1. Restricting attention to the stretch 179-195, does a residue exist that is buried (at least 18 other Cβ atoms within 10 Å of the Cβ), within 23 Å of Leu89 (Cβ to Cβ) and among the polar types (S, T, N, Q)?
2. How many residues are among the hydrophobic types (A, V, I, L, M, F, W, C), closer than 17 Å to Ala213 by Cα and loosely packed, with under 15 Cβ neighbours inside 10 Å when one looks only at the stretch 77-114?
3. Name the pairs: first residue in the stretch 130-152 and at negative phi and of a type in the set (A, V, I, L, M, F, W, C), second residue assigned to a helix (DSSP H, G or I) and at pLDDT below 95, Cβ to Cβ under 7 Å, at least 6 apart or on different chains?
4. What pairs come up if the first residue lies in the stretch 96-114 and is under 25 Å from Gly188 (Cβ atoms), the second is hydrophobic (A, V, I, L, M, F, W, C) and not in a helix (DSSP H, G or I), and their beta carbons are under 7 Å apart, counting only those six or more places apart or on different chains?
5. Can you pull out the residues in the stretch 149-178 that are of a type in the set (S, T, N, Q) and in a helix (DSSP H, G or I)?
6. Is at least one residue of the stretch 179-201 closer than 25 Å to Trp141 by Cα, out of contact with any strand residue (DSSP E or B) (no Cβ under 7 Å at 6 or more places or on another chain) and in a helix (DSSP H, G or I)?
7. Can you pull out every residue in the stretch 51-72 that is under 12 Å from His170 (Cβ atoms) and among the hydrophobic types (A, V, I, L, M, F, W, C)?
8. Going by what's in this entry, would Leu200 be described as under 25 Å from Gly78 (Cα atoms), modelled with pLDDT under 95 and buried (at least 17 other Cβ atoms within 10 Å of the Cβ)?
Amino acid sequence: MTVTLVLVVLMMAAFAGWLFRQSFNVRPWVAASARGQLPAPIPPSVTAPRVGLGVLLAVVTSVFALTVSAYLMRREMGADWQSPPLPGLLWGNTLALALASLALQVAWQAARRGATRRLHQALAVGGGLTLAFLVGQLVVWRQLEAAGYYLSSNPANAFFYLLTALHAAHLLGGLVAWGRVLARLHGGAGALRQRAGVELCALYWHFLLLVWALVFGLMLSS
């Protein structure tokens, strides 16, 4: 269990931590020399939005790591743990989220090139696939309930609903940022002006895809 938890934490934290790697040794408040030179400038890649996203991903990593830790510990506690069957639709949902992440990556590339039309199309596809993933998750919950796998009937069921709902909630939060970028595009803002926002959305989607892959893999192993 400990090895699995460490692996989960390392894989999730690695993605969040790369945002800070260029700022670990940056100390702009320290003088360059005793001659009174100006402090070393902060690298252009270390922007406030990127740092903010890094902090957010670190917090989300902690939340999922603690939840997964509780999942693993409770699974080892007794014979009352009976994992629910995983509907085949979960594989389709996983594909939809992977394609949504790919679409956001295409949108990021389009924003860097200033291709407003392609950016708009890629954002629309990414958002639509994300909504399809969320609807698919809701269908999975309904299928399990219809088969008698209720939230309160077994601790394994409760953790399944908790982990999937927690992941869905973070995706919904991402859709808020996605919607703001799309609204600005509709308002006439060009692709280059939206590059920073699209970048953050793409990175966030990639991160949540990794989180879902780990959560889904954990459930399959149970």
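The values are calculated or read from the model by the stated rules, or taken from the named source; none is laboratory data. Keep in mind the model is a prediction, meaning the values are calculated, not measured. Cβ: placed from backbone, ideal geometry, glycine included. Neighbour counts: every protein chain shown.
1. For the stretch 179-195, residues buried (at least 18 other Cβ atoms within 10 Å of the Cβ), within 23 Å of Leu89 (Cβ to Cβ) and among the polar types (S, T, N, Q): absent.
2. Narrowing the stretch 77-114 to residues among the hydrophobic types (A, V, I, L, M, F, W, C): 77, 79, 81, 86, 89-91, 95-100, 102-104, 106-108, 110-111.
Within this subset, residues satisfying the condition of being closer than 17 Å to Ala213 by Cα are 86, 89-91, 95-100, 102.
Add one more test, that the residue is loosely packed, with under 15 Cβ neighbours inside 10 Å, and what stays is 89, 91, 95.
Adding up the residues that qualify gives 3.
3. Leu151/Asn157; Leu151/Ala158
4. Ala110/Ala191; Ala111/Ala191; Gly114/Ala191
5. We begin by selecting, within the stretch 149-178, every residue of a type in the set (S, T, N, Q); these are 152-154, 157, 164.
Within the stretch 149-178, Asn157, Thr164 qualify.
6. Restricting attention to the stretch 179-201, the residues satisfying the condition of being closer than 25 Å to Trp141 by Cα are none.
Within the stretch 179-201, none of the residues are closer than 25 Å to Trp141 by Cα, out of contact with any strand residue (DSSP E or B) (no Cβ under 7 Å at 6 or more places or on another chain) and in a helix (DSSP H, G or I).
7. Across the stretch 51-72, the qualifying residues are Leu56, Leu57, Val59, Val60, Val63, Phe64.
8. Details: under 25 Å from Gly78 (Cα atoms): no; modelled with pLDDT under 95: yes; buried (at least 17 other Cβ atoms within 10 Å of the Cβ): yes.
So Leu200 fails the test.
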